[in-house]
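A.B. asks: Before I ask anything, let me first share the structure, which is written out below as structure tokens.
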Amino acid sequence: MQSEVMFAGFGGQGILLSAKILAYAAMEEGMEVAWVPSYGPEMRGGTAYCTVVVSDKPIGSPVIRNPLHLVAMNRPSLEKFAPVVKPNGVILINSSLISIVSGRNDVDELIVPVNDIATKLGNVRSANIVALSAFVARSKIVDFDILRESVKKEFSKKAKLIPLNMEAVKAGEEAGKPKG
């Protein structure tokens, strides 16, 4: 089965890093993976996005017009990409920066104040890890323990950042679990 995830936000929010960590986790699980980042004016604060395709079979094309899932870190990203998400996918909305919802009733809408959670943990820059973890906890696209190890591995060269990001993983997992 193939799943596509669009990560979108503004430059500097760690969009490409979140997508890379998900791609590595899926590879660790033995899946086929395509990671397609978008470069350009995004680096200056415009909309940045990256698609990750995860499949148990070879991937025909990494170019995706209609992803199954969306992780929207800012309002322009939600407005741009939510309409093209396939039915039955997950749309994560960063409610710290987005005051609206997707307007979709055919998706699992996950509303998480990721910036607020990251700030409470001590560094807003871990918001992308909170969002990634909440998304994986809800979508179950990869095994959560493998995701946790992939985050540790990503920050292994900056060991002082591991404790913060492990807290972000834990907080995201809690936020992503279905309520009730």
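The values are calculated or read from the model by the stated rules, or taken from the named source; none is laboratory data. This one's a predicted model, so the numbers in the text were calculated from it and none came from an experiment. For neighbour counting, all protein chains shown are included, and Cβ atoms are generated from backbone atoms with ideal geometry for every residue, glycine included.
A.B. asks: Given the residues ALA34, ALA48, which is the only one that is over 21 Å from VAL130 (Cβ atoms), of a type in the set (Gly, Ala, Ser) and in contact with a strand residue (DSSP E or B) (Cβ under 8 Å, 6 or more places away or on another chain)? Quick ask: steps written out before the conclusion?
C.D. replies: On the way: ALA48 fails: over 21 Å from VAL130 (Cβ atoms).
ALA34 is the lone residue from the list that is over 21 Å from VAL130 (Cβ atoms), of a type in the set (Gly, Ala, Ser) and in contact with a strand residue (DSSP E or B) (Cβ under 8 Å, 6 or more places away or on another chain).
A.B. asks: Sort out which residues of segment 53-105 are touching a His at 6+ places or on another chain (Cβ under 9 Å), part of a loop (DSSP other than H, G, I, E, B) and among the hydrophobic types (A, V, I, L, M, F, W, C), and write them in order of number. Steps first, please.
C.D. replies: At the first step, the residues of segment 53-105 found to be touching a His at 6+ places or on another chain (Cβ under 9 Å) are 85-86, 89-92.
From what is left, the residues that are part of a loop (DSSP other than H, G, I, E, B) are 85-86, 89.
Within segment 53-105, VAL85 is the sole residue that qualifies.
A.B. asks: Okay, moving on. May I ask you to list the residues in segment 1-56 that are among the basic types (Lys, Arg) and at pLDDT below 90? If you could, list the steps in order and put the result at the bottom.
C.D. replies: Taking segment 1-56 first, the residues among the basic types (Lys, Arg) are 20, 44.
Matches in segment 1-56: ARG44 only.
A.B. asks: Another one. Do any residues in segment 78-102 that are in contact (Cβ under 8 Å) with a residue 40 or more places away in the chain have Cβ atoms under 8 Å from those of residues that are of a type in the set (S, T, N, Q) and in a strand (DSSP E or B), where the two are at least six apart or on different chains, and which pairs are they?
C.D. replies: From residues that are in contact (Cβ under 8 Å) with a residue 40 or more places away in the chain, the pairs are LYS80/THR47.
A.B. asks: Right, next: Write out, first by first residue and then by second, each pair whose Cβ atoms fall under 6 Å of each other, whose residues are 6+ apart or on separate chains, and whose first residue, in segment 50-62, is farther than 27 Å from GLN13 by Cβ while the second is not hydrophobic (A, V, I, L, M, F, W, C).
C.D. replies: PRO58/GLU32
A.B. asks: Right, another one. If I ask for residues that are buried (at least 22 other Cβ atoms within 10 Å of the Cβ) and aliphatic (A, V, I, L, M), which ones from segment 86-97 would you list?
C.D. replies: Of everything in segment 86-97, those that are buried (at least 22 other Cβ atoms within 10 Å of the Cβ) and aliphatic (A, V, I, L, M) turn out to be VAL90, ILE91, LEU92, ILE93.
A.B. asks: Applying the selection to segment 92-141, what residues are of a type in the set (D, E, K, R) and over 13 Å from LEU78 (Cβ atoms)?
C.D. replies: Here is the first cut: in segment 92-141, the residues of a type in the set (D, E, K, R) are 104, 106, 108-109, 116, 120, 125, 138, 140.
Within segment 92-141, ASP106, ASP108, ASP116, LYS120, ARG125, ARG138, LYS140 qualify.
A.B. asks: In the list ALA134, ALA118, which residue meets the criterion of being crowded, with 24+ Cβ neighbours inside 10 Å, over 12 Å from the mean Cα position of the chain (by Cα) and not basic (Lys, Arg)?
C.D. replies: On the way: ALA134 fails: over 12 Å from the mean Cα position of the chain (by Cα).
Going through ALA134, ALA118 in turn, the sole match is ALA118.
A.B. asks: Report, by residue number, each residue of segment 2-24 that is β-branched (Val, Ile, Thr) and more than 11 Å from MET73 (Cβ to Cβ).
C.D. replies: Looking only at segment 2-24, we keep the residues that are β-branched (Val, Ile, Thr), and these are 5, 15, 21.
Listed by number, the residues that qualify are VAL5, ILE21.
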